1. Do we have any residue at all in segment 14-37 that's under 25 Å from ALA141 (Cβ atoms), of a type in the set (A, V, I, L, M, F, W, C) and not in a strand (DSSP E or B)?
2. Being free of Cβ contacts under 8 Å to residues at least 60 places away in the same chain and within 18 Å of the chain's Cα centre (by Cα) is the filter; apply it to segment 267-283 and report the residue that is surrounded by the most Cβ atoms within 10 Å (Cβ to Cβ).
3. Of all residues in segment 207-240 being farther than 21 Å from PRO20 by Cα and loosely packed, with under 14 Cβ neighbours inside 10 Å, which is modelled with the highest pLDDT?
4. When only residues in segment 156-165 that are surrounded by 13 or more Cβ atoms within 10 Å (Cβ to Cβ), in contact (Cβ under 8 Å) with a residue 60 or more places away in the chain and in a loop (DSSP other than H, G, I, E, B) count, which is farthest from the chain's Cα centre (by Cα)?
5. Is segment 241-254 home to any residue that is out of contact with any Leu (no Cβ under 9 Å at 6 or more places or on another chain), touching a residue at least 12 places away in the same chain (Cβ under 8 Å), among the aliphatic types (A, V, I, L, M) and exposed (fewer than 15 other Cβ atoms within 10 Å of the Cβ)?
6. Does segment 194-202 contain at least one residue that is without any contact (Cβ under 8 Å) to a residue 24 or more places away in the chain and crowded, with 17+ Cβ neighbours inside 10 Å?
7. For segment 180-206, which residues satisfy the criterion of being under 16 Å from THR240 (Cβ atoms), modelled with pLDDT of 95 or more and of a type in the set (A, V, I, L, M)?
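The values are calculated or read from the model by the stated rules, or taken from the named source; none is laboratory data. Everything quoted here is computed from the prediction, not taken from an experiment. So basically every Cβ, Gly included, is an ideal-geometry build from the backbone, and we count neighbours across all protein chains shown.
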Amino acid sequence: MLVTLLGTGSPLPDPERAGPATLVRTGGLDLLFDCGRGVLMRLAAAGSSPTALATVFLTHLHSDHTSDLNDVITTRWVMSMAPSPLTLVGPPGTQAVVDRTLEMLSDDIGYRIAHHDDLTEGPQVHVIEVLDGPVELPALAAAGVAVTAAPTDHRPVTPTVGYRIEHDGRSAVIAGDTVPCEGLDRLVAGAGVYVQTVIREDVIAQIPLARLQDVCDYHSTVTQAAQTAARAGVGTLVLTHMVPAPPPGGAQEWIDIASAHFGGTVLAPDDLTAVEVPPATAG
């Protein structure tokens, strides 16, 4: 199992960091989690493509996590030489977002159908809304991959979910935006790799902008993420969606803060960093 941080950025534009998106490769499947700004460019750089995706998962419907969903839908459709419906898993409300996205794309869809004789219908998106429990899909079952969703806490954004991916004795968790909560604890228990969006409340407190300081009450701090990882017995904690993003060479400070509360491996990676998930150890 390989976890690639396609985008480690946030809503704040950053020339070095694309929007939130993570690729998990396991069991011969490419699984994409969230569709932030620039996701297809990073997906190509990681050696994948929209046509290679078995399933796309959304943790929640904030714009920075969904801004390029339209690009994933359109480009997969245009690049596929035969009908290839996109399977999209997300929290309740996902179907409505897809319906509005396809409506927004309706002019472009019409242009392409008019121009290409082999395109006779628009993109097909198969939506599965989940909140708590296993994600049951034939492609996952055939590959022996288990994905479980659990509710997280990003209020007032609701509902939100995180995902645990398990295959061949390995496990990874893509938590999305959340503060510590019972659903998160269930997901991360004993995980090999735990990917958590984080903020530095100590830095944000020095910036006199109420709208920025508002983010402190619905994202995990670095300390909280480390405490969650320690409580759950996680192997590796991966910090992402870092707000405000560390300057070049500044990631070690984030790692040091987390390491004061968690004895495992801590990463604060750049885009396109790939993390190999180790097999679970007995004990």
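1. Yes, segment 14-37 contains a residue that is under 25 Å from ALA141 (Cβ atoms), of a type in the set (A, V, I, L, M, F, W, C) and not in a strand (DSSP E or B).
2. Restricting attention to segment 267-283, the residues satisfying the condition of being free of Cβ contacts under 8 Å to residues at least 60 places away in the same chain are 267-268, 281-283.
Within this subset, residues satisfying the condition of being within 18 Å of the chain's Cα centre (by Cα) are 267-268.
Working: LEU267: 19, ALA268: 24.
This residue is ALA268.
3. Filtering segment 207-240 for residues farther than 21 Å from PRO20 by Cα gives 207-210, 227, 230-235.
With the extra rule that they be loosely packed, with under 14 Cβ neighbours inside 10 Å, the set shrinks to 207-210, 233.
Details: ILE207: 80, PRO208: 76, LEU209: 75, ALA210: 74, GLY233: 97.
Among those that are farther than 21 Å from PRO20 by Cα and loosely packed, with under 14 Cβ neighbours inside 10 Å, it is GLY233.
4. Of all residues in segment 156-165, those surrounded by 13 or more Cβ atoms within 10 Å (Cβ to Cβ) come to 157-165.
Subset that is in contact (Cβ under 8 Å) with a residue 60 or more places away in the chain: 157, 159-163, 165.
Now drop any that are not in a loop (DSSP other than H, G, I, E, B), which leaves 159-160.
Working: PRO159: 15, THR160: 12 Å.
Only one residue tops the list, namely PRO159.
5. No, the conditions are met nowhere in segment 241-254.
6. Step one: filter segment 194-202 for residues without any contact (Cβ under 8 Å) to a residue 24 or more places away in the chain, giving 201-202.
Narrowing the set further to residues that are crowded, with 17+ Cβ neighbours inside 10 Å leaves 201.
Scanning segment 194-202, I find at least one residue that is without any contact (Cβ under 8 Å) to a residue 24 or more places away in the chain and crowded, with 17+ Cβ neighbours inside 10 Å, so the answer is yes.
7. Scanning segment 180-206 gives LEU184, LEU187, VAL188, ALA191, VAL193, VAL195, VAL198.
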